[in-house]
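Worksheet for the structure shown next.
Taken together, the values in this text are just the output of simple stated rules run on the coordinates, not laboratory data. What you see is a predicted model; the values in this text were computed from it and never measured. As a convention, Cβ positions derive from the backbone with ideal geometry for all residues, glycine included, and neighbour counts pool all protein chains shown.
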Amino acid sequence: MQKGTQDKLPTFIVVGANKGGTTSLYHYLKQHPEVYLSPLKEPHYFSKDIDVNLFNHEFAQNKLQDIEKYVNGDMQHEYHAAFVRNWEQYKKLYKNVEHQTGIGELSTSYLYSTVAAEEIKNVLPECKIIICLRNPIDRAYSHYRMNIWTGNNNEFDFYKALQQDFHHKPKVWGNAHLYVEIGQYYEQVKRYLDVFGKENVKIIFTEDMKESPQQVIKGLYEFIGVDSNFNPDTSKNYNEVFTPRYKNFTYWFNKLGIRPLFKKLAPRSLKNIFVKIFYRSKNAKGVISPEAKQFLLDQFSEDVKKLSGLLGKDLNHWLN
């Protein structure tokens, strides 16, 4: 793979973690007049070890399918995710860059991928890397709730869902949910520090972004080299999920292919009515059972200790 002759390519990439607040981060960053983000929020181009042929139907159908048509159009409509596998298509995601100096994208699979760090470095050697980490127990539960909300899981007992996924085969992105594996950050973060060097990697924490969003975002503006005096609107949280009122409804709504069409074609007013009827308040998040909590503590304890040492930051509060 060779870098193209055009210079409109990412100067920074947010590489994850999944359910770490990257959607909110996307919207906060893109408000800056000097920042251009790929209108396809998660192109996943550099995670070359992820095999799209192994995706299950429920996961695959919610991704942008006709990538060629999209990148050859005006790209005025934003899409959440697709798995771009063609370099020319990837470059076209940045064809609308004008005066912006901070050019980027956010793909949550890049942190989990074992090859993405090297792939990015080979093509974009000057690229800055942003990693957003969340308490891995909270991340796993949020990931599970997202799957219930989108219809990618119909097991309403979190502990049972964890066990099913832990023993699922094939244990690959887009087929298994990887509730545990995605949250084992130590090796994932170490790869980026080793490949890019600490000075080119900015690690932020979801908890900090919730408590002091302006401070965190301004720090990122400075890191990617744009005016840090710009004040973004950080009052809204994005990609929040709702809990279905009726067991299995969302699962079959998605499995039968109705959800992607409804999401694409229904007006916003109808979507809002639909959510009020079929879903509980976004604040009705439920609780993690003691057995699920203990299982996750057993999986994450050693990794959190190693990550604390790597970053020189005490993260043991994640285990409380």
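Can you tell me which of 119-132, 30-43, 205-218 comes out highest on packing, and rank the rest after it, using the mean Cβ neighbours within 10 Å? Working shown, then result.
Working: 119-132: 18.7, 30-43: 21.4, 205-218: 16.9.
Ranked from most to least packed, the peptides come out as 30-43, 119-132, 205-218.
Take every Cα pair under 8 Å whose residues are at least 6 apart in sequence, average their separation, divide by the length of region 155-240, and the relative contact order is 13 percent. Taking the DSSP beta bridges with both ends in the chain, the antiparallel portion is around 5 percent. When a/c is below 1.5 the answer is rounded, else prolate if a/b is larger than b/c, else oblate, so apply that to region 1-142 with a ≥ b ≥ c taken from the square roots of the Cα gyration tensor eigenvalues. Verdict is rounded for region 1-142.
3J(HN,Hα) couplings calculated from phi for region 130-140 with the Karplus curve 6.51 cos²θ - 1.76 cosθ + 1.60 (θ = phi - 60°) are, in sequence order, 10, 10, 10, 9, 10, 2, x, 6, 5, 4, 4 Hz; Gly and Pro show x.
For TYR70, the shell of other residues with beta-carbons less than 11 Å away shows a net charge of -2, using +1 for Lys and Arg and -1 for Asp and Glu. As a calculated quantity, the FRET efficiency between VAL275 and GLU199 at R0 = 45 Å, using C-beta atoms, amounts to about 0.55. Under a 5 Å amide H cut-off, with hydrogens placed 1.01 Å from N, GLU42 pairs with ALA81, ALA82 among residues at least 5 apart or on other chains.
Once a ≥ b ≥ c are taken as the square roots of the eigenvalues of the Cα gyration tensor of region 61-125, is the result rounded (a/c under 1.5), prolate (a/b larger than b/c) or oblate (a/b not larger than b/c)? Here region 61-125 falls in the oblate category.
Of all aspartates and glutamates in the structure, the ones whose alpha carbon falls short of 15 Å from that of LYS171, not counting any fewer than 8 places away in one chain, are ASP49, ASP51, GLU181. Each helix, a run of at least 4 DSSP H residues, gives -39500 (n - 2.57); summed and divided by the residues of the chain, these come to -12500 deg cm²/dmol at 222 nm.
Strictly over 32 Å apart at the Cα level, which of LYS264/LYS305; LYS236/LYS293; LYS92/LYS236; LYS30/LYS271; LYS92/LYS198; LYS271/LYS293 would you flag in this model?
Correct reply: LYS264/LYS305; LYS271/LYS293.
Near ILE103, the amide H atoms lying under 5 Å from its own belong to THR11, PHE12, TYR36; only residues 5 or more places off or on other chains count, and H is placed 1.01 Å from N.
Going by the alpha-carbon gyration tensor, a ≥ b ≥ c the square roots of its eigenvalues, is region 143-258 rounded (a/c under 1.5) or, if a/c is not under 1.5, prolate (a/b greater than b/c) versus oblate?
Working: a/c = 2.93, a/b = 1.58, b/c = 1.85.
Note, shape of region 143-258 comes out oblate.
In order along region 92-106, the Karplus-derived 3J(HN,Hα) couplings, from 6.51 cos²θ - 1.76 cosθ + 1.60 at θ = phi - 60°, round to 5, 4, 10, 5, 8, 4, 10, 8, 5, 9, x, 10, x, 8, 9 Hz, and Gly and Pro are given as x. For LYS202, the aspartates and glutamates whose Cα falls under 12 Å of its own Cα, not counting residues fewer than eight places away in the same chain, are GLU222. Taking amide H atoms as placed 1.01 Å from N in the peptide plane, the amide H of HIS32 has no partner under 5 Å among residues 5 or more positions away or on other chains. Neighbours of PHE223 by Cβ distance under 9 Å: Lys/Arg scored +1, Asp/Glu scored -1, total +1.
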